[in-house]
Amino acid sequence: MGTDKNWYKQAVGYQIYPKSFKDSNGDGIGDLQGIKEKLSYIKSLGVDFIWLNPIYASPQVDGGYDISDFYNVDPMFGTMADFQELLAECHKLGMKLIMDLVVNHTSNKHEWFIESQKSKDNPYRDYYLWADATEDKMPNNWRSFFGIPAWTYQKQTKQAYFHIFAAEQPDLNWKNPKLRDEIYKMVRWWLGEVGIDGFRLDAISHIQKMDWDFKLKSFNGDDPWEPFMNVAGIEDYMRALKDIFDEYDAYTVGEASGVRSNNGAADWTDKKTGFLNGIFELEHNWRLPDGRGDIYGYKKVVTRWQKDLLERGWNALYIENHDMPRSISIFGDGSITSAKALAVQYMLLRGTPFIYYGQEIGMSNYPFKDISEVKAEDTRTHYFNALKDGLSEKEAFFRNVLNSRDVGRTPMQWTGEKYAGFTTVKPWMAVNPEYKTVNAEKSVELFGLYQNLIKLRHDEKAIQDGSIKFYFERSKQVFCYMRDEFLIIVNLSSQSGAVKFVDKQGELEQVLGSRQRTFVPNMRLQPWEYQVFKK
């Protein structure tokens with residue numbers, strides 16, 4: 001990759017949820033030395049960089065996204081020396097490493113907030129968002145993503161503080177220049193002093209808020225989040241961050257809910273004037289009433305994003321992450337055959353693909369049976385709120401647990417041995433019962449397909465940065481597109497499906513396929529069949 005400024009266009013990322021990747025010291029929790037042990041495995045997949053979910057000091061109310069110290073590694077993961085070893089080994093193997101940058105909020109155990117809540121005139125008071133309130137009347141009726149009011153009252157100062165996640169995650173006040181300077185100093189420290197290669201910016205589109213008197217129109221759809229989703233004025237903060245990122249040639253990808261493909265995404269990711277190298281769109285994750293992924297809805301959203309960012313901007317591609325269920329369970333039918341089809345359809349799109357740990361071996365959703373098994377605070381809150389609203393335990397469980405964030409956070413399945421080779425003791429979260437048949441030693445076919453798809457991206461300019469043209473857009477199951485001289489056809493269904501090309505495609509040879517096939521204009525595709533042809 002060298003010093004090529006466009007290296008990320010041919011690159012593939014690998015996301016690791018550290019608690020669940022590999023336990024090296026026998027405490028049941030994944031750690032930095034465990035990740036280091038498995039770097040050769042990651043390298044053999046062919047990826048170019050790793051994204052680590054938060055490893056900072058944290059009370060772990062929200063899986064490490066409640067940070068109590070930006071400058072220290074949480075002891076459960078190891079030490080800063082362990083991190084430096086991991087980073088050095090990544091670089092030695094030719095891989096980059098990026099970390100989560102969480103600057104919308106901190107933990108309520110962060111020293112800034114501990115000081116902030118002492119009095120109205122404390123120097124750290126304006127590091128957070130406080131407003132006059134009473135126990136019965138909050139500054140407004142805004143809601144948090146966690147299904148609770150977005151305000152927590154403090155009797156001592158007769159004010160409430162604002163939080164869009166858990167009450168233990170107070171939002172930072174980006175209007176305060178002193179706070180911004182602290183953030184910028186920390187960003188420079190990780191990029192310059194420590195030497196990481198970039199950031200995935202968590203919840204970054206929420207750092208600017210509407211005025212407190214903004215009235216919500218409804219509590220449906222995106223409306224409850226409108227007051228803190230991509231609010232005007234955020235551009236100034238993003239430009240300041242971009243200037244720092246540019247100083248260090250940092251790679252950046254943002255979680256930017258509220259930034260739409262046709263309204264902002266190109267501005268955020270434009271090569272010359274944008275803030276970031278890419279953003280994760282969140283729209284394709286909607287579910288059908290039965291909890292399944294909506295294949296046709298997914299197709300429509302992804303197609304729109306690809307078209308809208310063709311001339312300007314850049315996509316970050318994913319079908320799984322730490323906040324989403326496993327794709328094989330919601331978009332697939334649980335079979336490795338379906339996992340292969342899902343891999344092909346998204347890995348060759350225009351953008352930088354990310355693979356979530358275990359996705360490359362076909363890990364599926366954990367089959368929770370009871371709410372007591374669930375760790376995620378937001379899932380538990382939504383479940384118990386549903387019970388209060390009159391839903392039965394069965395319905396509340398179905399709506400809030402079956403596809404919750406925790407279903408995809410279970411320990412990595414390395415082997416068919418006890419605890420799946422992740423640890424030697426009872427792990428922090430139960431191992432998926434499938435581990436004896438689905439593990440890194442046995443799922444070699446899917447792993448091999450990912451290797452081939454990554455090699456295609458590395459080798460072929462058309463896949464890296466070529467144009468894209470879609471076919472059969474109204475098909476409920478066939479996802480088909482052309483990347484210059486490459487034609488990709490995937491049947492995302494357990495039912496067979498037909499395609500009929502009207503325009504002439506010329507001579508095409510098979511590059512990859514779930515079965516041997518010669519291209520013809522009329523084809524009946526088998527369930528989950530995929531084909532990649534080249535002119």
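Things to note:
- Yes/no for residue 58 being modelled with pLDDT of 95 or more, within 20 Å of the chain's Cα centre (by Cα), among the polar types (S, T, N, Q) and buried (at least 22 other Cβ atoms within 10 Å of the Cβ): yes
- Looking only at the stretch 47-99, residues that are under 30 Å from residue 450 (Cα atoms) and among the polar types (S, T, N, Q) come to 2 in all.
- Residue within the stretch 448-470 that is farther than 21 Å from residue 366 by Cβ, modelled with pLDDT under 95, surrounded by fewer than 20 Cβ atoms within 10 Å (Cβ to Cβ) and among the hydroxyl-bearing types (Ser, Thr, Tyr) present: no
- Residues within the stretch 187-231 that are of a type in the set (A, V, I, L, M), modelled with pLDDT of 95 or more and over 22 Å from the mean Cα position of the chain (by Cα), tallied: 2
- Residue 520 vs. criteria in a strand (DSSP E or B) and over 19 Å from residue 307 (Cα atoms): no
- Enumerated strands (runs of 3 or more DSSP E) restricted to the stretch 156-267, each holding at least 1 residues that are surrounded by 15 or more Cβ atoms within 10 Å (Cβ to Cβ) and in contact with a helix residue (DSSP H, G or I) (Cβ under 6 Å, 6 or more places away or on another chain): 251-255
- Among the residues making up the stretch 327-379, those that are among the small types (Gly, Ala, Ser) and either over 21 Å from residue 301 (Cα atoms) or not assigned by TED's automatic domain parsing to the domain that holds residue 50 (or both) are 334, 335, 358, 362, 364, 372, 376.
- Pick from the stretch 1-53, criterion of a type outside the set (S, T, N, Q) and modelled with pLDDT under 95, ranking: surrounded by the most Cβ atoms within 10 Å (Cβ to Cβ): 1
- When each of 171, 181 is tested for being under 20 Å from residue 113 (Cα atoms), in contact with a His (Cβ under 9 Å, 6 or more places away or on another chain) and modelled with pLDDT of 95 or more, the lone residue that passes is 171.
- Only listed residue being among the charged types (D, E, K, R) and under 16 Å from residue 106 (Cα atoms), chosen from 180, 239, 188: 180
- Near pairs, Cβ below 9 angstrom, 6+ apart or cross-chain, from the stretch 299-310 (free of Cβ contacts under 8 Å to residues at least 60 places away in the same chain) to any residue that is part of a helix (DSSP H, G or I) and of a type in the set (Val, Ile, Thr): 309/269
- All conditions in (1) at pLDDT 95 or above; (2) of a type in the set (A, V, I, L, M); (3) part of a loop (DSSP other than H, G, I, E, B) hold for residue 344, with the sole exception of (3).
- Residue 85 meets each of the listed conditions (1) buried (at least 22 other Cβ atoms within 10 Å of the Cβ); (2) in the same structural domain as residue 252 (by TED's automatic domain parsing); (3) not hydrophobic (A, V, I, L, M, F, W, C) apart from (1).
- Residues that are in a helix (DSSP H, G or I) and in contact (Cβ under 8 Å) with a residue 24 or more places away in the chain were ranked within the stretch 400-423; the one that is surrounded by the fewest Cβ atoms within 10 Å (Cβ to Cβ) is 405.
- Scan of the stretch 65-83 for residues that are under 24 Å from the mean Cα position of the chain (by Cα) and part of a helix (DSSP H, G or I), ordered by number: 83
- Residue in the stretch 362-384 that is modelled with pLDDT under 95, surrounded by fewer than 20 Cβ atoms within 10 Å (Cβ to Cβ), assigned to a loop (DSSP other than H, G, I, E, B) and of a type in the set (Phe, Trp, Tyr) present: yes
- Qualifying residue in the stretch 16-29 (condition: assigned to a helix (DSSP H, G or I), at negative phi and in contact (Cβ under 8 Å) with a residue 60 or more places away in the chain): yes
- A search for C-beta distances below 7 Å between a residue of the stretch 97-110 that is surrounded by fewer than 24 Cβ atoms within 10 Å (Cβ to Cβ) and any residue that is hydroxyl-bearing (Ser, Thr, Tyr), counting only pairs 6+ apart in sequence or on different chains, returns 98/251; 109/68.
- Residue in the stretch 429-442 that is surrounded by fewer than 16 Cβ atoms within 10 Å (Cβ to Cβ), among the charged types (D, E, K, R) and in a loop (DSSP other than H, G, I, E, B) present: yes
- Flag if residue 319 is out of contact with any Asp or Glu (no Cβ under 9 Å at 6 or more places or on another chain), at pLDDT 95 or above and either assigned to a loop (DSSP other than H, G, I, E, B) or surrounded by 20 or more Cβ atoms within 10 Å (Cβ to Cβ) (or both): yes
The values are calculated or read from the model by the stated rules, or taken from the named source; none is laboratory data. If you're wondering where the values come from, they're calculated on a predicted model, not measured in any experiment. Note that we place each Cβ from the backbone using ideal geometry, even for glycine, and neighbour counts take in every protein chain shown.
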